[in-house]
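Visitor: One structure, pasted below without further comment.
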Number of protein chains: 2
Amino acid sequence: MDSQDNGSRSPRKARGRPRDWEDKTAQNTIKSLDRAMEVFEFLSERQGMALSTISDEMGQSPSTVYRVLVTLEGRGLVEFDAEEQLWHIGARAFTIGARFLRRTSLVDRARPVMRRLMEATGETANLGVEKEGQVLFLSQVETHANIRAFFPPGTLSAMHASGIGKALLAQMDEDRLSRRLEGGLQSFTPRTITDRIALQEDLARIRARGYSVDDEERNLGMRCIAAPVFDAAGEALAGISVSGPTSRVTADALDRLSRPVIEAARTLTEAIGGQVTRQP
Amino acid sequence: MDSQDNGSRSPRKARGRPRDWEDKTAQNTIKSLDRAMEVFEFLSERQGMALSTISDEMGQSPSTVYRVLVTLEGRGLVEFDAEEQLWHIGARAFTIGARFLRRTSLVDRARPVMRRLMEATGETANLGVEKEGQVLFLSQVETHANIRAFFPPGTLSAMHASGIGKALLAQMDEDRLSRRLEGGLQSFTPRTITDRIALQEDLARIRARGYSVDDEERNLGMRCIAAPVFDAAGEALAGISVSGPTSRVTADALDRLSRPVIEAARTLTEAIGGQVTRQP
DNA sequence: TTTGTATTTTTCATATTGTGAATTCGGATT
DNA sequence: AATCCGAATTCACAATATGAAAAATACAAA
């Protein structure tokens, strides 16, 4: 009877000291637990390790590492392959970790990242995914500037003439790419890339430098810089971008603007539990 | 010289004391770590809990729970929603847990097969294995349809009430089957098979036609068609399935849908170097 | 077979460090 | 303003995590 009020009293806003101070006195962490989690993380990075390998490379005593592993094994977070005498991440770790997704909506996670991106660059930040061969804009954070690129959420746009679209195309293998492009490349402005070869050269450049540029290819007077966001399987599932008038998004500004975009994409990738596996 | 020999010396069979005694002296676990992991698991079960809720329901002191959470937060295993002052499972827990899948290349190999299966049938494709007497869903490729069966990866489900589960059960010999079923057959819907004899008849039918059908046995309104995937030793180690609403997955559609499922299972079996040896 | 070597478990003495009661703190409620 | 509530912190104490070393085991070599 000390429990059934789970949420019924609806503590929408919590009382108590707010923990926004970030880290100030991060001295109230549990050291042994932290070290144990270090082992856990380390094991996840290179699975199938022997006890001695782990303890050697982590500089910890075998005894300690052993006890950590046995303890985690007891909860299924770690598994021991009795045949090969090697340690692995356990199935329960997968089950527990997967519950993270129940709460994670890409759009929610992206909002703070996009706000920071907008503040860092001063330009409107956008988030988009692929939807039936087109780019669907999901969300945006508008710049404070008076002249601004406006791209209402819900808009659909051709992939080959969009920063986010090209960032996503650049991550596709030859097979999927071909299917996306078999409808031909519609022209929107004089600068739209309509030639398949030219597009593939651009995609190669995008892969090499890590970001794409829409240089008035969809709307005259508007440039856009985008980078891909990856899911857990290492597939590009979204793109994040900044867009603005050519007057501010100049060739000189590319370097200054692209860095925060790439950084934002990386941050968002981490925030949704994604990782970059392939580098095509 | 303490690192680069990772596996090169090929200790196929390890030395040292073999740990097959199972648990005998399970007293060399770390108590505080075990308690901390208990908090971690508990949080994953009901996300979005306040500190006091956790400590109350677990019967632990708030201080301890707090420190555990802060420590795990430091590694991203747990997240704190500053707005609502609630604790959640973190992105890194997901990332680490997802690495469980890397242990075999099964998931990687399965992805293209599943994508093709989804496109051929129009329904969500799933991959699952047996884990401790239950079906663990590893991966899925979602359909584009608006009404879709949603079965998040990481979910555990009873074998006798799952398409993949029954496909795996159908490949077991009498001995293993008995052990799996000695816990009884829990009922989930009016259509769940709860009678041992009826189940064995269904398993015989599954073996005969090569695929299993979950006909609203776990969730009303949802049907599922599955087939087994075999490893090199000819043992069924996974199942591949499509699942969808009863409105689309009708009795008439069974033939049209089962063919691609069987084909996908065969393709995946080949892709992982497996083969079908026994036909029990 | 016997001996040697590598690796994993266990033991044990030690002090590091995790623990909960009590306190402080800051917002929410009145 | 005053009061209440739950989150964050402190502190004194002993529970318990720790690593060195020894034991146990399997494989390799002699």
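Visitor: Can you quote the Å³ per residue value for the convex hull of the Cα atoms in chain A, rounded to an integer?
Guide: Looking at chain A, the number lands at 214 Å³ per residue.
Visitor: Next question, about the same structure. Taking H as built 1.01 Å from N, whose amide H comes closer than 5 Å to the amide H of B:LEU138, not counting residues under 5 places away?
Guide: Excluding prolines and chain starts, which carry no amide H, the hits are B:LEU127, B:GLY128, B:VAL129, B:GLY154.
Visitor: Could I ask something else about it? Using a 1.4 angstrom probe on heavy atoms only, work out the carbon and sulfur share of the accessible area of the stretch B:51-106 in %.
Guide: 45
Visitor: Then there is this: Quick one: among A:SER55, A:SER212, A:SER105, which has the greatest mean-square fluctuation in a GNM of chain A with alpha-carbon springs under 10 angstrom?
Guide: In the Gaussian network model the winner is A:SER55.
Visitor: With an 8 Å cut-off on Cα pairs and a minimum separation of 6 or more residues, tell me the relative contact order of the stretch B:28-95 in percent.
Guide: 30
Visitor: With labels modelled as points extended 7 Å from the Cα through the Cβ direction, what inter-label distance (nm, one decimal) is found for A:ARG196 paired with B:LEU220?
Guide: It is 5.3 nm.
Visitor: Please report the projected area of the stretch A:104-271's Cα convex hull averaged over all directions, in nm².
Guide: Dividing the Cα hull surface by four gives the mean projection, 8.9 nm².
Visitor: Still on this structure, I have one more. Looking at chain A as a GNM with Cα springs under 10 Å, which of A:VAL261, A:VAL68, A:VAL135 has the largest mean-square fluctuation?
Guide: Of A:VAL261, A:VAL68, A:VAL135, the Gaussian network model singles out A:VAL68 as fluctuating most.
Visitor: Another question about this same structure. Picking from A:GLN60, A:GLN171, A:GLN186, which is most flexible by a Gaussian network model of chain A using Cα springs under 10 Å?
Guide: With Cα springs under 10 Å in chain A, the top fluctuation among A:GLN60, A:GLN171, A:GLN186 is at A:GLN60.
Visitor: Hey, what do the phi angles of the stretch A:48-55 turn into as Karplus ³J(HN,Hα) couplings, whole Hz, using 6.51/-1.76/1.60 and θ = phi - 60°, x for Gly and Pro?
Guide: x, 9, 7, 3, 5, 4, 4, 5
Visitor: Another question about this same structure. Once amide H atoms are built 1.01 Å from N in the peptide plane, which residues 5 or more positions from B:GLU79, or in another chain, come under 5 Å H to H?
Guide: Under 5 Å from the amide H of B:GLU79 lie the amide H atoms of B:HIS88, B:ILE89, B:GLY90, each far enough along the sequence or on another chain.
Visitor: Same structure, new question: Could you tell me the convex hull volume per residue, in Å³, taken over the Cα atoms of the protein assembly as shown?
Guide: 201
Visitor: Hey, what did chain A get for relative contact order, percent, Cα under 8 Å, at least 6 apart?
Guide: That works out to 14 percent.
Visitor: Find out how many positive minus negative residues lie around A:ASP108, taking Lys and Arg as positive, Asp and Glu as negative, among other residues whose Cβ is under 13 Å from that of A:ASP108.
Guide: Taking every Cβ under 13 Å from that of A:ASP108, the sum is +1.
Visitor: For B:THR143, what residues show an amide H to amide H distance below 5 Å, using hydrogens built from the backbone and excluding near sequence neighbours?
Guide: B:THR124, B:ALA125
Visitor: Return the loop-located GluC sites (Glu not before Pro) in the stretch B:106-194 (DSSP other than H, G, I, E, B) with at most 11 other Cβ atoms within 10 Å of their own Cβ; answer none if there are none.
Guide: Passing both the DSSP loop test and the Cβ count: B:GLU132, B:GLU182.
Visitor: Shifting gears a bit: With no solvent and one point on each alpha carbon, what is the Debye value of log10 I(q)/I(0) for the stretch B:175-280 at q = 0.13, 0.14, 0.15 Å⁻¹?
Guide: Reported log10 I(q)/I(0), two decimals: -0.53, -0.62, -0.71.
Visitor: At 1.4 Å probe size, with no ligands or nucleic acids counted, give the accessible surface of B:MET118 in Å², nearest ten.
Guide: 10
Visitor: Residues of the stretch B:36-60 with backbone nitrogen within less than 17 Å of a virtual label 7 Å along the Cα-to-Cβ line of B:ASP81, please, listed as ranges.
Guide: Hits in the stretch B:36-60 for B:ASP81 at 17 Å: B:43-54.
Visitor: Considering only lysines 8 or more places apart in sequence, or on different chains, count the pairs in chain B whose C-alpha atoms sit under 29 Å apart.
Guide: Count of close lysine pairs: 5.
Visitor: Then there's this: Run the quick spin-label model on A:ASP252 and A:ARG179: label points 7 Å from Cα toward the beta carbon, then report their separation in nm to one decimal.
Guide: Between A:ASP252 and A:ARG179, the simple spin-label model gives 4.6 nm.
Visitor: Another question about this same structure. Which order do A:HIS144, B:HIS88 take when ranked by solvent-accessible area (1.4 Å probe, heavy atoms of all protein chains), largest first?
Guide: Sorted by accessible area, descending: A:HIS144, B:HIS88.
Visitor: Report relative contact order for the stretch B:115-245 in percent, whole number only (criteria: Cα-Cα under 8 Å, sequence separation at least 6).
Guide: Relative contact order, the stretch B:115-245: 28 percent.
Visitor: How much accessible area is lost when chains A and B come together, counting both sides, with a 1.4 Å probe, in Å² rounded to the nearest 100?
Guide: Separately minus together, A and B give about 6200 Å² buried.
The values are calculated or read from the model by the stated rules, or taken from the named source; none is laboratory data. Keep in mind that what you see is a predicted model, and the values were worked out from it rather than measured. Every residue, glycine among them, receives a Cβ derived from its backbone with ideal geometry; neighbour counts consider all protein chains shown. To get the accessible areas, we keep the full protein, side chains included, count just its heavy atoms, and leave off ligands, DNA and RNA. Shrake-Rupley method; radii C 1.70, N 1.55, O 1.52, S 1.80 Å.
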